[in-house]
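The values are calculated or read from the model by the stated rules, or taken from the named source; none is laboratory data. Given the structure is predicted, the values throughout are model-derived calculations rather than measurements. Positions of Cβ are generated from backbone atoms using ideal geometry, with glycine treated the same way; all protein chains shown enter the neighbour counts. Heads up: the accessible areas ignore ligands, DNA and RNA and are worked out on the full protein's heavy atoms, side chains in. Shrake-Rupley method; radii C 1.70, N 1.55, O 1.52, S 1.80 Å.
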Amino acid sequence: MDTQLADWAQARPEALEAQKILQRCVHCGFCTATCPTYRVLGDERDSPRGRIYLIKQMLEGHATGRASQEHLDRCLTCRNCETTCPSGVQYGRLADLGRTLMEERVARPWRQRLLRALLREGLTSPLFAHALALGRWVRPLLPASLRAKVVQRRSPGVVSDLSPVGPPSALVFPPSRLPAAAVAALPARRVVLPGGCVQPALLPSIDAATQRILADLRIATLRPEDSGCCGALRHHLADAAGSTRQMQRNAQAWAAPLARQEADAVLMNASGCAVMVAEYGHLLEDTPAAADGRAVSEALQDPISLLMPHAALFAEALAPRAAGWGPMVYHPPCTQQHGLKIRGQVELFLKRLGVNLLPVADAHLCCGSAGTYSILQPEMSQTLRDDKLQKLQAGRPERILSANIGCLTHLEAGTHTPVVHWLEWLDAELNAAADARA
């Protein structure tokens with residue numbers, strides 16, 4: 001797609017990058033078939049192709065106003081269109097660039113500016129945990145829209161305190177819940193497990209389950225203290241400077257143990273954060289943290305990459321439990337399917353354990369969570385969630401499993417069927433199997 005940049009855009013690196021992405025688009029429209037908002041609204045401007053045209057017009061100097069901004073706001077950045085696109089258009093990156101540039105050129109109503117500022121500052125603040133605790137205390141008094149966001153805390157359970165310093169070979173692990181002889185032959189390792197911003201306060205049980213499962217495989221976790229939000233929240237709210245500061249801080253904190261060979265991977269158990277971290281190498285390339293950003297992106301792993309090679313060990317340990325499992329479904333987050341390009345791996349692992357995993361129609365479509373989208377675009381978000389839950393629950397599953405905290409809490413607010421992280425479920429089953437053997 002030929003794009004002639006306006007004078008103001010020719011001096012902007014963001015516009016030059018957007019121009020390169022636009023050149024790959026051939027107007028084919030394949031993306032419209034898998035765009036959640038276009039499927040609901042039927043408006044070309046609420047499709048990837050339509051939004052690409054809106055960004056192109058802005059870069060070429062055409063008049064841009066609130067209507068164009070609203071169409072970009074309605075994009076979930078689910079990146080389903082990237083999976084569909086035959087030309088390899090990096091639409092997710094283009095959408096972020098377009099939003100950032102449009103934010104500078106179009107003034108938002110004050111109520112929107114206030115809400116977005118509260119989300120940027122509040123969700124990534126150290127005070128978020130205290131605000132959440134207060135919200136849980138007064139939850140019955142909150143409006144329904146807010147009450148749905150304040151999920152009940154699940155107990156994290158006991159986490160083994162493994163030494164965070166020194167060579168991994170010096171670590172002493174607790175007894176594994178997996179077959180002892182096979183585990184004894186595994187090399188000791190350590191990975192960086194970042195804390196993030198929302199997940200430790202909202203559902204600490206996810207990180208705790210992850211740590212216990214990794215310890216079963218003689219993998220310890222390092223939790224750097226001088227890190228925080230991955231930067232995705234500010235990034236998607238068009239706060240490029242704030243996001244860059246967060247990414248730089250994290251890259252430096254996480255790359256240090258990699259350089260000292262105290263850890264050999266950066267593990268992200270929230271796929272929404274993982275997609276952002278995967279881009280550190282590119283997003284930080286012109287900053288002082290460029291080398292650290294590349295190191296972190298290259299070391300990034302999803303938990304399934306560590307667990308899949310040992311599926312047989314988990315299946316053996318859980319064999320006495322498998323007969324009692326009811327049918328389940330797995331909701332693969334968009335960030336896992338279309339961002340990380342990990343499709344079907346968790347489902348395959350669960351099936352190898354003996355899980356009766358029910359098929360889900362249109363599993364590639366977004367559930368409507370998309371970070372802060374469910375707060376900023378509540379009507380569209382709820383429409384997509386209701387459609388997703390209808391398809392997830394069509395076979396009457398015993399529970400819904402997923403891999404991203406945003407999806408989990410969003411889906412949980414609309415159903416009575418238990419919704420948990422697949423690692424939480426695995427950890428609970430390993431505990432039950434160990435208790436039965438004791």
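For Gln23 and Leu115 in the same chain, what is the full-extension length gain: residue separation times 0.36 nm, less their Cα-Cα distance, in nm?
On the way: separation 92, 0.36 × 92 = 33.12 nm, distance 3.48 nm.
Residue separation times 0.36 nm, minus the Cα-Cα distance, leaves 29.6 nm.
Once you sort the root eigenvalues of the Cα gyration tensor of region 223-371 as a ≥ b ≥ c, which label holds: rounded (a/c under 1.5), prolate (a/b larger than b/c) or oblate (the other case)?
Oblate shape, in that a/c is at least 1.5 and b/c is the bigger or equal ratio.
Taking the dipole about the Cα centre of the chain, with the C-beta of Lys and Arg at +1 and of Asp and Glu at -1, give me whichever of Gln252, Leu267, Pro378 is farthest to the positive side.
Pro378
How high is the FRET efficiency between Ala182 and Gln393 when r is their beta carbon distance and R₀ equals 22 Å, given to the nearest 0.05? The partial results should precede the final answer.
Numbers: r = 37 Å, r/R0 = 1.69.
The pair Ala182/Gln393 has a calculated efficiency of 0.05.
Would you mind getting the accessible area per residue of the chain, heavy atoms of the protein chains only, 1.4 Å probe, in Å²? Before the final figure, lay out the partial values.
Details: 19210 Å² over 438 residues.
Heavy-atom SASA per residue in the chain reads 44 Å².
Test of understanding: what is the full-extension gain from Asp264 to Leu358, defined as 0.36 nm times their sequence separation minus their Cα-Cα distance?
Values: separation 94, 0.36 × 94 = 33.84 nm, distance 3.54 nm.
Stretched out fully, the Asp264 to Leu358 stretch lengthens by 30.3 nm.
Can you order the peptides 181-193, 400-412 by their average number of other Cβ atoms within 10 Å per residue, highest first?
On the way: 181-193: 16.5, 400-412: 25.0.
Order by mean packing, descending: 400-412, 181-193.
Express the carbon and sulfur contribution to the solvent-accessible surface of region 216-296 as a percent, rounded to the nearest whole number, probe 1.4 angstrom. Mind dumping the intermediate values first?
Details: 1360 of 2970 Å².
Exposed carbon and sulfur together represent 46 percent of the surface.
Binned at 5 Å from 0, what are the whole-percent values of the Cα-Cα distance distribution for region 350-438, short to long?
Reading the bins upward from 0: 3, 13, 22, 23, 17, 10, 6, 4, 2, 1, 0.
In what order, largest first, do Cys334, Cys28 sit by accessible area if the probe radius is 1.4 Å?
Working: Cys334 15, Cys28 60 Å².
I get Cys28, Cys334, largest accessible area first.
Measure off 7 Å from each Cα along the Cα-to-Cβ vector at Ala312 and Phe30, then give the distance between these two points in nanometres to one decimal.
According to this spin-label approximation, the distance is 3.8 nm.
Based on the Cα gyration tensor of region 268-351, what are the three equivalent ellipsoid semi-axes, each the root of five times an eigenvalue, rounded to whole Å and given largest first?
The equivalent ellipsoid of region 268-351 has semi-axes of 33, 14, 8 Å.
How high is the FRET efficiency between Arg223 and Thr383 when r is their beta carbon distance and R₀ equals 56 Å, given to the nearest 0.05? Spell out each step's value before the answer.
On the way: r = 38 Å, r/R0 = 0.68.
E between Arg223 and Thr383, to the nearest 0.05, is 0.90.
Match the structure shown to one of the listed values (1) 0.94; (2) 1.01; (3) 0.97 of Rg/Rh (Cα atoms, Kirkwood Rh), computed from it, and give that label.
Entry (3).
Excluding ligands and nucleic acids, what accessible area in Å² is computed for Leu426 using a 1.4 Å probe, to the nearest 10?
0
What's the ranking of 415-425, 196-206, 312-322 by average number of surrounding C-beta atoms within 10 Å, highest first? Intermediate values should be presented prior to the final figure.
Values: 415-425: 19.7, 196-206: 21.7, 312-322: 16.6.
The densest-packed peptide leads the list: 196-206, 415-425, 312-322.
How much of Glu429 can a 1.4 Å solvent probe reach, expressed as accessible area in Å² and rounded to 10?
That residue has around 20 Å² of solvent-accessible surface.
Taking all pairs of different Cα atoms in region 303-386, averaging 1/r and flipping that mean, what Kirkwood radius in angstroms comes out? Intermediate values should be presented prior to the final figure.
Working: mean 1/r = 0.0683 Å⁻¹.
Mean inverse Cα-Cα distance, inverted, gives 14.6 Å.
Quick check: pseudo-label points 7 Å beyond the Cα along Cα→Cβ at Ala432 and Ala241, how many nm apart are they?
Going from the Ala432 label point to the Ala241 one covers 5.2 nm.
Would you mind computing, in nm to one decimal, how far apart the modelled labels at Arg105 and Asp2 are, each placed 7 Å from Cα along Cα→Cβ?
For the pair Arg105/Asp2, the computed spacing is 2.0 nm.
Please report the accessible area of Asp207 (heavy atoms, 1.4 Å probe, ligands and nucleic acids excluded) in Å², nearest 10.
Taking all protein chains as shown, Asp207 has close to 10 Å².
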